[in-house]
Structure formats: structure tokens, C-alpha cells
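Here is the structure we will look at.
The values are calculated or read from the model by the stated rules, or taken from the named source; none is laboratory data. Owing to the predicted nature of the structure, the values given are computational and were not obtained by experimental measurement. With ideal geometry, Cβ positions are generated from the backbone for all residues, glycine too; neighbour counts draw on all protein chains shown. Quick note on the areas: whole protein, heavy atoms, side chains included, nothing else; ligands and nucleic acids left out. Shrake-Rupley method; radii C 1.70, N 1.55, O 1.52, S 1.80 Å.
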Amino acid sequence: MHPAWSVVLLTTLLGAGQGLFLALYGADLYDAARGRASLAPLFVAAAVLGSLALAGAGLAASFFHLGRPERAWRSAAMWRTSWLSREVIALPLFMALAAGYGLAHWLGMLQGALVVGAAAALAALALYVCTGMIYACIKFLQEWASPLTVVNFLLLGCASGLSAAAALSAWLDPEFARAYAIAALAATLAAAATRGTALVRNARLRPRSTPQTAIGIKHPRIEQKAQGAMGGSFNTHEFFHGASRARLETMKWGFVAAGFLLPAMLLAAALGSALPAFAAAAFPVQLAGLLAERWYFFAEAQHPQNLYYQSTS
Amino acid sequence: MTQLALVIDLNVCVGCHACVTSCKEWNTQGAAGPLSDLNPYGADPSGTFFNRVQTFEVGEFPNTQTVHFPKSCLHCEDPPCVPVCPTGASYKRAGDGIVLVDYDKCIGCKYCAWACPYGARELDEKQKVMKKCTLCVDRIHDASLPERDRKPACVLACPTSARLFGDIHDPASEVATAIREHGGYALMPEWGTHPANHYLPRRKTEFKVREEDLQRYDNPLKVDGLLPKPATGEPALDDVTSW
Ligand code: SF4
Ligand code: SF4
């Protein structure tokens, strides 16, 4: 598939925004369970605003993917069948609930905030499932058609969200900084494990569609001579990444390094040295790495329609 | 239930692209139009088509076959492109089984194109909505046309009659008969889309001459072989009796 930057930004930023909110709400719940209200209001405000900014940026990016953005309101219609439609509903719902939680917190209505926050957290989790299922439900995109896709969207989002919380708390609420750094490290390692599993799985996939099933002729040697157009078409622009092997490899190892290894090292360094700079650096590095990860996620998927567009002449 | 579809005979198609041009001609000015072209006379032309004829070479030289392969939306009976559409712009008509896009509702998100394994949908780069074969829905039901013209433009244009059109659910129809009797098959059956369009396979036309076609099998008077056979150089009956 051709990785569209609008979708890469949408899914990555949105995932981080949801993760940041979940990180904040998790701490709030833990705090409440201990019978305390020790979260610094400034940290809560920054985390809520950060989460909304990330989700909002993702939402804005998504409009660039649409041919007719002015009709975007129509896209909530088919929630009974379409995961994309469900995402379109869950996304503003999450943002509204997260904003409500932040407002309640700011106004000091801590009990109310916990209730609204629970709803927002559920919406965030549902949104991960919707986003992941958009890709996982297309069964012939074999690289995506796996529960691992949903798990990865969830864990990668949580890891980057926790990194963001670690960075914010290092400045605004040092009491929680250590716990956040530990949680971010754990989530990053867990995400590395599941994303790594997906990489190994996809490397071993055998495509079920072949030139033989595509045109229905049983012969081991089928070679395309013409595709009906010499100058390319929607089919050649949308479904081929057009990147060289070397670029693909660079992106792959780049995201392994920047998405997982480096942030894990930075978070470990933050834990060891208690220097806020390390925690602050982990998030932007990881976000860049996860953008590369999402680019690779799209580029890696082999669409069966490509069998019909193998050569021009 | 009716399921309109095309049956394409790969044994007959000569790859002349008449269906491609007549499809584009009809549909660019019809209800589905325009089918925009980008940079048509420039270095990197592209455009929106419902139907394309591709060519494949099967086998190893000298035992090769050139297969011309017209490809358009197959109007799947279980179309994966329809449920994924967030707006409901993509739908399958209950009445005749045609899969259509409502160009006034489509937001151009391209999700349906991702969800079609056959690459049958193309985004119109000018109108920014998804386009695909409509089976000429605006002419096949048009009662003001004579009955014989109520067929998709591609079917009417095909000079070799490689394209048949009809209801594959009606066992007596030309298309259902062709599928049944000439080994009609579906593309990529592995994904359970149940394409309505079918293809008829290439087949070798072998001319079988049996002994009894040359020598009368049933020869009661035993006359065959009694009279001397004229030499090949001698005038035949046609040469002497020319009136
Ligand atoms: S061929 Fe593609 S676009 Fe046409 S009905 Fe089937 S899945 Fe949908
Ligand atoms: S491109 Fe149009 S028809 Fe296709 S899924 Fe999106 S809204 Fe539906």
C-alpha cells in the first residue's frame, strides 16, 4: 500500500493522545484508590490539553485524506457495518469526554471527574479497537488481518502516551515522574514484543492470491504484458509504495531503533539519573519512531490487486 | 433474486479495447460522468476508467498463449467493499444485484478501494469521489431504448461477442447457461466474495475427423470403393457443370 502521511499522522498522533489520557486517568484512579488527591492540577491540565492537542492534530490530518472533506459529517452513518464509521463516532466522543474530565478536574469536582474520566477511558479503549479493526478487518490484506494489529495499535499508543506523561510529569509533577517512567518503559517493551511478533509473522506470510487465482488460469508461468494503461492509474498510485528495498529496510530498522530501543534507553536513563531531560527526550524520539512504524505498516501490506498491475509492457 | 452480471469469454476476446473506449464514451457523458482524465496529452497521463483490458502471457516460449483479460467491477454477491463504506455511498441494489456508488454521498476516503481485492474501483481525481462500473445502470433499464439496446455499452461494442450480459440467477439465461456449460469461473475465489461476473476459460478448438466422417460408416449397397476414384487433377463435378 502507499502510505498516506495523513493516515500515518492520524493513527500515530491519535494513539498517543489516547495513551496520554489513559496514563493520566490511570494515575488519577490510583490516587483516588489511595484516598488521596495528590495530582498537581497543572499536570492534569497539561496532560488533558496535550491529549486533546494530539487527538485534534490527528483529526485535522485525517481531513487531508478525504477527497470531499466537506462531506465528512456523513461518515458516521454506517456504524452498524463499518469500523471507519465507528472510529468517526468514537473519536469526537473521546475528545469531548476527555475535555469534560479536564474541566471537572479544573473546577475541583474530583468525584465527577472520575466518573467522566471512566467514560473517556472506555471511549479511548474503544477507539483503539476501532482504529485497529479498520485495518485488521480487511481479510485479504494478510499483513493486517490479525488480532496483532489491534494489540499493536493499543500498545504502541499506550507506550507513546505514557512516555508523554513521563515527560510532562518530570516537569510538572515530579512525585509521579518515576512511576510514569517505569510504566512507559514497561509499555514500550511490551509493544516492542508484540510489534516484533507482527514483523516476524508478516515476514513468513505466504500470499493466498497468486497470478493463477487472479486470472483463473492454471499455469505456473503467467507474465503480465499490458495493464490497460501506459501512464499509471489510481491502481498504481494508491497500492504501491514505490520505495526502494533500501528505504524499506531503513524505515524498518529506523522504527525499531527510534520507536523502541532509544526511548527504552532514555527512560532507563531517566530512572537511573532522575534527570528530567532524559524523560523529556524519550517522547519526541518515540513519536518520530512510531511515525516511521506506521509508514512501514502501510508500505508492508501487499494488496492482492497488485497482481493485476505487475508490468506496463 | 436477480443478479445481473457479465460473462467474459477469454477464448473469444481479441484484446481490441472496444469495450474500454465505448464504456468510457458512454459513462463519461452519462449519469456517472464525467470520468476525468488527468494530463491526457502530457508526459504522465492517467484517468478514470471502469473497464480495462489487460494482457497476460501464459506459458514458456514457444508454447505460449496470449490472454487478453478485460477487468471491471465484478458486482460481487458478497461485496467486501460495501460494508466498510462509512457513509453508505457504496451499496448493492437488492433488485438487480448491481453494486453502485452514490457520488453525492461519497467522501472519497478510498476505504472501499482498499477493501476490493480486484482493484476494480478508481478514485476520480477531479471529482474526488470513488467510481466503478455501473453495468450501465442508466441504459439497461431504460424503457425508451429498443430492447436490444438495453445492454451495457461494452457488451454492445464487443465485435467478437466475447461479453455476455444477463441474470446469472436465472438458470435459463444465456449467461447462466454459458457458465454452466462452458466452465465459467470466478476470480480469486479464495476470499469468498462470490463475484457475479464470470470468465469462460481458454480452450483449444480441436477439429476431430473420425474415419466414419470420410468413409460412409453405414454402407449397405457396398458402393463406396467400387467405383474408381478420379485423380485429383481431373475436373470435379463443379468444374464441368457451371451454368
Ligand atoms: S469487484 Fe470489487 S468493487 Fe466490485 S463488488 Fe466486488 S469487491 Fe466491490
Ligand atoms: S470512498 Fe466513498 S464509496 Fe468508498 S468507502 Fe469512502 S465514502 Fe464510501
| request: Among the numbered conditions (1) in contact with a Pro (Cβ under 6 Å, 6 or more places away or on another chain); (2) among the hydrophobic types (A, V, I, L, M, F, W, C); (3) outside any loop (DSSP other than H, G, I, E, B), tell me where B:Leu135 comes up short. | output: (3)
| query | Regarding B:Ala32, is this residue in contact with a Lys or Arg (Cβ under 9 Å, 6 or more places away or on another chain), of a type in the set (Gly, Ala, Ser), facing another protein chain (nearest Cβ under 9 Å) and within 15 Å of ligand 2 (Cβ to nearest atom)? | reply | no
| message | Restricting to the range B:128-154, name every residue that is open to solvent by 20 Å² or more (accessible area, probe 1.4 Å), of a type in the set (A, V, I, L, M, F, W, C) and more than 15 Å from ligand 1 (Cβ to nearest atom). | response | B:Ala143, B:Leu145
| said: Here's a check for you: in the range B:167-213, which residue that is on the phi > 0 side of the Ramachandran plot and open to solvent by less than 90 Å² (accessible area, probe 1.4 Å) is farthest from ligand 2 (Cβ to nearest atom)? | reply: B:Gly183
| Is at least one residue of the range B:51-72 within 16 Å of ligand 2 (Cβ to nearest atom) and either at pLDDT 95 or above or open to solvent by 10 Å² or more (accessible area, probe 1.4 Å) (or both)? | no
| query | How many residues does the range A:232-284 contain that are assigned to a helix (DSSP H, G or I), among the aromatic types (Phe, Trp, Tyr) and surrounded by 20 or more Cβ atoms within 10 Å (Cβ to Cβ)? | reply | 5
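Restricting to the range B:28-50, and then to whatever is touching a residue at least 12 places away in the same chain (Cβ under 8 Å) and open to solvent by less than 40 Å² (accessible area, probe 1.4 Å), can you tell me which residue is farthest from A:Ile222 (Cα to Cα)?
Filtering the range B:28-50 for residues that are touching a residue at least 12 places away in the same chain (Cβ under 8 Å) and open to solvent by less than 40 Å² (accessible area, probe 1.4 Å), the one farthest from A:Ile222 (Cα to Cα) comes out as B:Gly30.
Could you go through the range B:115-127 and let me know if any residue there is away from ligand 1 (no atom under 11 Å from the Cβ), more than 7 Å from chain A (Cβ to nearest Cβ) and open to solvent by less than 10 Å² (accessible area, probe 1.4 Å).
yes
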| Hey, among A:Leu52, A:Leu93, A:Leu39, which residue is surrounded by fewer than 23 Cβ atoms within 10 Å (Cβ to Cβ), closer than 14 Å to A:Cys130 by Cβ and more than 16 Å from ligand 1 (Cβ to nearest atom)? | A:Leu93
| field | Matching residues, the range B:87-114, being more than 9 Å from ligand 2 (Cβ to nearest atom), among the basic types (Lys, Arg) and either open to solvent by less than 50 Å² (accessible area, probe 1.4 Å) or within 23 Å of A:Glu238 (Cβ to Cβ) (or both) | value | B:Lys92
| note | Of (1) crowded, with 17+ Cβ neighbours inside 10 Å; (2) in contact (Cβ under 8 Å) with a residue 40 or more places away in the chain, B:Val84 fails just (2)
| Is there any pair linking a residue in the range B:92-109 that is in contact (Cβ under 8 Å) with a residue 60 or more places away in the chain and more than 16 Å from A:Trp73 (Cα to Cα) to one that is among the small types (Gly, Ala, Ser) and away from ligand 2 (no atom under 14 Å from the Cβ), with Cβ under 7 Å and at least six apart or on different chains, and which? | B:Gly97/B:Ala196
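Quick check on B:Glu147: is it within 16 Å of ligand 2 (Cβ to nearest atom) and more than 19 Å from B:Pro70 (Cβ to Cβ)?
no
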| query | Taking only pairs six or more apart or across chains, which ones have beta-carbon atoms under 7 Å, a first residue in the range A:60-85 that is of a type in the set (Phe, Trp, Tyr), and a second residue that is within 16 Å of ligand 1 (Cβ to nearest atom)? | reply | A:Trp83/A:Cys137
| message | Cβ contacts < 6 Å: first residue facing chain B (nearest Cβ under 8 Å) and touching a residue at least 40 places away in the same chain (Cβ under 8 Å), restricted to the range A:295-313; second residue assigned to a helix (DSSP H, G or I) and open to solvent by 20 Å² or more (accessible area, probe 1.4 Å), any location; separation 6+ or different chain. Result? | response | A:Tyr309/A:Thr236
| query | Scanning for something near ligand 2 (Cβ under 9 Å from one of its atoms) and more than 18 Å from A:His237 (Cβ to Cβ), does the range B:122-144 turn up at least one residue? | reply | no
| task | Identify all residues within the range B:64-114 that are within 15 Å of ligand 1 (Cβ to nearest atom), in a strand (DSSP E or B) and facing chain A (nearest Cβ under 7 Å); write none if there are none. | result | B:Phe69, B:Lys71
| said: Which count do you get for residues in the range A:191-222 that are touching a residue at least 12 places away in the same chain (Cβ under 8 Å), part of a loop (DSSP other than H, G, I, E, B) and within 7 Å of chain B (Cβ to nearest Cβ)? | reply: 2
